[in-house]
Amino acid sequence: MELILVVVGAIVVTAIAHRRGLEPALIIVVVGIAVSFLPGFEAPELDSHILLTVVLPPLLYSAALNFSFPTFLRNIRPILGLGVGLVVITAFVVAAVSSWLVVVPLTFATALVLGAIVAPPDAVTAVAVGRKLGLPKRVMAILTGESLINDAAALTLFSIAVAQVAGSHTFIENPFLLFGYSATVGPIVGGVLGVVTLWIRKRLANPGLETVQGLVVPFAAFIAAEELHASGVLAVVVAGFVVGSGTLGAGYQTRLQERYVWNSVDVLLEAFVFAYIGLHLRFVLEDLHEARESLAEVAVASAIVLLIVLVIRPLSVFAIFGRNKLSSHVERRLSVPAPDGGGRRASGTRQRERAPGRWRSRIDRRHLSWQENVVVSWTGMRGVVTLAAAAAIPATTVSGEPFPERATIQAIAFVVSVGTLLIQGWSLPALIRRLRLSRFSDDHAADRGEELKAERVVHDAADEVLAAFRADPPAGLDPRVLEEIRAAIARQSEDVDEMPDPEAPTKRAKVFSALYRDVLAAQREALITERDEGRIEDEAVRAMLERLDLQEAGVSARLESRF
């Protein structure tokens, strides 16, 4: 009952925040904190494994479904730098500083547990804010890609650190081999499950059953990989990539249903997670008070760790992105132009030009602007993984002793999570507007430009199919009828009144229906190709694909109403 009330309350707060133009996640956290201090209030309790298994997989799977894998590959360098490199750096810096300052009695191994917990940012809020305010598409791609893999790196490091402190044994003792095994087997499990899902979906041919099957996939991928001691996070992400790439093979009804179902699931789970975070503040403080006589030391340690988390990301982003930009600038200033003959001693850039390999040519090597670097460096809000990992710390070690400073670590993690949400989450929209980084400025000119690109793609694809239809028309129909069909579809069939009368199932109606679906299939394929090549933004492609699905739904409802 308590969980139902939490969900209902979170949805109500979300609705109010949307009406007021506020960020729902932040308002939910604040309201949750206030409610937690009401007399007699008891917060709902969930096992950490439930949080990880029930909340995290659907959020990751939904993001992967709507994210282009070629886009992921094009931005693989910054994604790996932020999603793996920055997570490891943050964990070890937090561990080193926390153990060195001796504000609270943490050994390095125990502090590393804390570092692994607070290391992974939750990009749900950042991506939501960025999409709403219109961040550039490459920034959105980097943030989304980072959110898909940083949890895997953090949870693997967390399990290694906990095993060292608790005296337990991991599946593979060598941490590097364990990380390699987890990062290899997890994606394999997800890929296999994704292929199996598409195989089953083709044989179901039922939109309702296909949608239900899709809801099962993220949980199955996560649990199967975890049972093999591999990364459940990477398994879910890869399964989402595979299934998402095969959605064009599904019917329009399945795509429309899944689109709205997963949007609803995202809203529900995100609202619940942030409400859960806020509602537990009072109880975290009570647990800490029982474990320690004074809260002053923990408060100081929490402030230090929060400061480290806020500072380390901008420094790392500059090291990852700014260093390359600076070196390229120096190289351009100091390079000597090569002579026309291209002599052996030429030291300019022409000497270093080589034909890139197949995969290297797909990588986007453009540098982010300083404004984009600033925004990326300030998107470090913590969320569900930090909360779940803190709750997953075992109560005792293998010897039966209490886990060292468990309450302290949980309290610091909670403060960091709430602090980053409130500080960075609240200031991020203002920062984006201040830097004038939104694509939606200047009367939505950039956004409209992407829409026009998508419209040109679908028009060109339709023209190719119609040209083939005119060159080889079906036999048995009057040429004037064929021309009427071609002309109607050439108008993009935006008006359903142009469709044949379903009460008269003539050959004209059958030809019209078949040709129209061929046009739609060609348009979808062309849109996906252009998106994967990086020539059209994901948002514009998704909007156009939904528009095509809605058109097909209207046409099909009219043509099939006689049944």
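Here, each number is a calculation from the coordinates, and none is a lab measurement. Source: prediction; values computed, not measured. We place every Cβ from the backbone using ideal geometry, glycine too, and count neighbours over all the protein chains shown.
Computed quantities for the displayed model
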item: Burial ranking of peptide ranges 453-459, 106-112 (average Cβ count within 10 Å, highest at the top); result: 106-112, 453-459
item: Within-12-Å neighbourhood charge of Phe37 [Cβ basis; K, R +1; D, E -1]; result: 0
item: Alpha-carbon Debye profile of the range 203-302, log10 I(q)/I(0) at 0.11, 0.13, 0.15 Å⁻¹; result: -0.56, -0.68, -0.79
item: ³J(HN,Hα) computed for each position of the range 428-437 - Karplus, 6.51 cos²θ - 1.76 cosθ + 1.60, integer Hz, glycine/proline x; result: 4, x, 5, 5, 4, 5, 5, 7, 6, 9
item: Summed side-chain charge close to Pro120 - residues other than Pro120 whose Cβ falls under 10 Å, Lys, Arg +1, Asp, Glu -1; result: -2
item: Cβ-based exposure ranking for Phe72, Phe37, Phe321, Phe222, in which fewest neighbours within 10 Å come first; result: Phe37, Phe72, Phe321, Phe222
item: 14 Å beta-carbon shell around Thr420, net charge (K/R +1, D/E -1); result: 0
item: Unit charges on C-beta of K, R, D, E only; dipole of the range 148-252, Debye; result: 400
item: Residue exposure sequence - Thr529, Thr14, Thr53, Thr90 - by fewest surrounding Cβ within 10 Å; result: Thr529, Thr53, Thr14, Thr90
item: Calculated from backbone phi, Karplus (6.51, -1.76, 1.60) coupling profile of the range 383-394 in Hz, x at Gly/Pro; result: x, 5, 5, 4, 5, 5, 5, 4, 6, 7, 4, x
item: Shape of the range 82-157, Cα gyration tensor, a/c cut at 1.5; result: prolate
item: Residue exposure sequence - Val237, Val261, Val418 - by fewest surrounding Cβ within 10 Å; result: Val261, Val418, Val237
item: For peptides 429-435, 214-220, sequence by mean Cβ density within 10 Å, most packed first; result: 214-220, 429-435
